[in-house]
1. Open to solvent by less than 20 Å² (accessible area, probe 1.4 Å) and part of a helix (DSSP H, G or I): does that describe SER146?
2. So which residues in the range 247-262 are surrounded by fewer than 21 Cβ atoms within 10 Å (Cβ to Cβ) and in contact with an Asp or Glu (Cβ under 9 Å, 6 or more places away or on another chain), if there are any at all?
3. Take ILE161 and decide whether it is in a helix (DSSP H, G or I) and out of contact with any Ser or Thr (no Cβ under 7 Å at 6 or more places or on another chain).
4. Right, ALA129: aliphatic (A, V, I, L, M), within 27 Å of PHE20 (Cα to Cα) and open to solvent by 40 Å² or more (accessible area, probe 1.4 Å) or not?
5. Kindly indicate whether PHE285 is hydrophobic (A, V, I, L, M, F, W, C), part of a helix (DSSP H, G or I) and modelled with pLDDT under 75.
6. Any residue that is in a helix (DSSP H, G or I), open to solvent by less than 30 Å² (accessible area, probe 1.4 Å), touching a Pro at 6+ places or on another chain (Cβ under 9 Å) and at pLDDT 75 or above - is there at least one of those in the range 60-76?
7. Spot the failing condition for HIS173; the list is (1) at pLDDT 80 or above; (2) open to solvent by 40 Å² or more (accessible area, probe 1.4 Å); (3) more than 22 Å from VAL14 (Cα to Cα); (4) more than 16 Å from the chain's Cα centre (by Cα), and only one is missed.
Amino acid sequence: MNDRHANKSAFSAVLSIRPFRTLWAAQLCSQLGFAMLLFVLALRVYQQTGSNAAVSGLFLTFGVPAVIFGIAAGAIVDHLDKRIVLVAADLSRAILVLGFFLFPGILPIMYLVSFATAIITQFYVPAEAPTIPRLVPPQLLVTANSLFSFTYYSSLGIGSIIAGPVLRLFGSHAVFLLIAALFALAAWFAWRIPREIGKPTHLPDPSIAKMIHMAQAVATSMREGLAYVKATPSITEALLLLTGTQIVLALLGTLGPGFADRVLEIDIRDASILIMGPAVLGIIFGSLWVGNVGYRFSSRRLIQSGIIAAGIFLILIALTVRLKRVALFAWFYADPIILPIEFLLFFFLGVANSMLDVPANSALQKEASGAMRGRVYGLLTAAVGGVGMLPIVLTGVLADVIGPGKVIFALGGLITLYGLWRMRYNRIT
């Protein structure tokens, strides 16, 4: 009972901090807009092409900028007032999203605008999460991260769930006006965050000497960030885990429309409700559980359980659909039954994912010093884009050849094997 009251008071204490509440509101609007944009675009691309590979191409437009600009963006953000970075990023994305409204249905332009939006996002990510330690005291950092993780995935969940219905309601044009409005609202909230004392609010004047000096400073910051991560094993592990969880979510987003169309045989606009929706709702539930109960267990135990559980649930997601085709199980796996089963499996997959995300994110922010946080998160976005490019391309192409169900089964098998190897490795060490 005392623990329960302590946790309630911790959440209340975090929410009572007005600057954090303002950042929280900005995060909610920004992430909701970004999630809706990503899944609406995935549905539109699949509607136009019927190809998983084309959807993979869309996700690459979001991933490649992370490789090219991720590390440098984190280093640049460390030299600026992060409040101004957040405002500028949200306003820029609001303007860019209008490009989808003005040029709907033209695939090359959709890819180009997505690429530009992703570049801006590289500056947003290392400015957002590293702002939390500046606004809350150290003893509330884990609670604040749990709440931030909950909000990130709840907005992702809401965005993914309503992407299909909103596309139906607003149509393929007006939906982008709604998304642009969300980014503009996020910018307004971000403007109300206290400025970062001692940091400039703009880049230096564009003289050649000053730009060269800035480039040298950024290059030095990048080298320092890489050396810092390499010298800190706990940060390296946290980065690898967070990279893996985000890549798995990107793969599900890539395979989602095709899985709904070819395997579940439903309208692809329902993919957001039956696939990504329950997965992210599971992450929300899991994040709250970790923040309220799971913190009593060691981070290693939570992470280990989450990895193996995620692999097993992916395998079950693929197997339950295939059993429908076996005569012995056909009576049980009728559509009215199998869809709720798939919904629950995706939900528990999300719970497993949160068991990795929350402890890894908390470890990252605890271990990374204030001067290095932006660079570390820049490395995270670069790692997701760089490491994730190959599996995103491969899964899209393989899904067109052998089917998305088999690809999901293979992915689950690989994750389960990694979890078992990790369990044995940790026992040995």
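1. Details: open to solvent by less than 20 Å² (accessible area, probe 1.4 Å): yes; part of a helix (DSSP H, G or I): yes.
Spelling it out, SER146 is indeed open to solvent by less than 20 Å² (accessible area, probe 1.4 Å) and part of a helix (DSSP H, G or I).
2. Of everything in the range 247-262, just one residue is surrounded by fewer than 21 Cβ atoms within 10 Å (Cβ to Cβ) and in contact with an Asp or Glu (Cβ under 9 Å, 6 or more places away or on another chain), namely ASP261.
3. On the way: in a helix (DSSP H, G or I): yes; out of contact with any Ser or Thr (no Cβ under 7 Å at 6 or more places or on another chain): no.
Criteria not met by ILE161.
4. Details: aliphatic (A, V, I, L, M): yes; within 27 Å of PHE20 (Cα to Cα): yes; open to solvent by 40 Å² or more (accessible area, probe 1.4 Å): no.
No; evaluated as a whole, the condition is false for this residue.
5. Details: hydrophobic (A, V, I, L, M, F, W, C): yes; part of a helix (DSSP H, G or I): yes; modelled with pLDDT under 75: no.
It is false that PHE285 is hydrophobic (A, V, I, L, M, F, W, C), part of a helix (DSSP H, G or I) and modelled with pLDDT under 75.
6. No, because not a single residue in the range 60-76 is in a helix (DSSP H, G or I), open to solvent by less than 30 Å² (accessible area, probe 1.4 Å), touching a Pro at 6+ places or on another chain (Cβ under 9 Å) and at pLDDT 75 or above.
7. (1)
Yes/no matrix, rows are residues, columns are (1) farther than 28 Å from PRO19 by Cβ; (2) not charged (D, E, K, R):
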residue: VAL77; (1), (2): no, yes
residue: ASP81; (1), (2): no, no
residue: ARG93; (1), (2): no, no
residue: VAL97; (1), (2): no, yes
residue: PHE103; (1), (2): yes, yes
residue: TYR124; (1), (2): no, yes
residue: ARG134; (1), (2): no, no
residue: VAL142; (1), (2): no, yes
residue: SER149; (1), (2): no, yes
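The values are calculated or read from the model by the stated rules, or taken from the named source; none is laboratory data. Bear in mind that the values here come from a model prediction, so they are computed numbers and not experimental data. Because the Cβ atoms are built from the backbone with ideal geometry, glycine has one as well, and the counts that use them run over all protein chains shown. The area values use the complete protein model at the heavy-atom level, side chains included, leaving out ligands, DNA and RNA. Shrake-Rupley method; radii C 1.70, N 1.55, O 1.52, S 1.80 Å.
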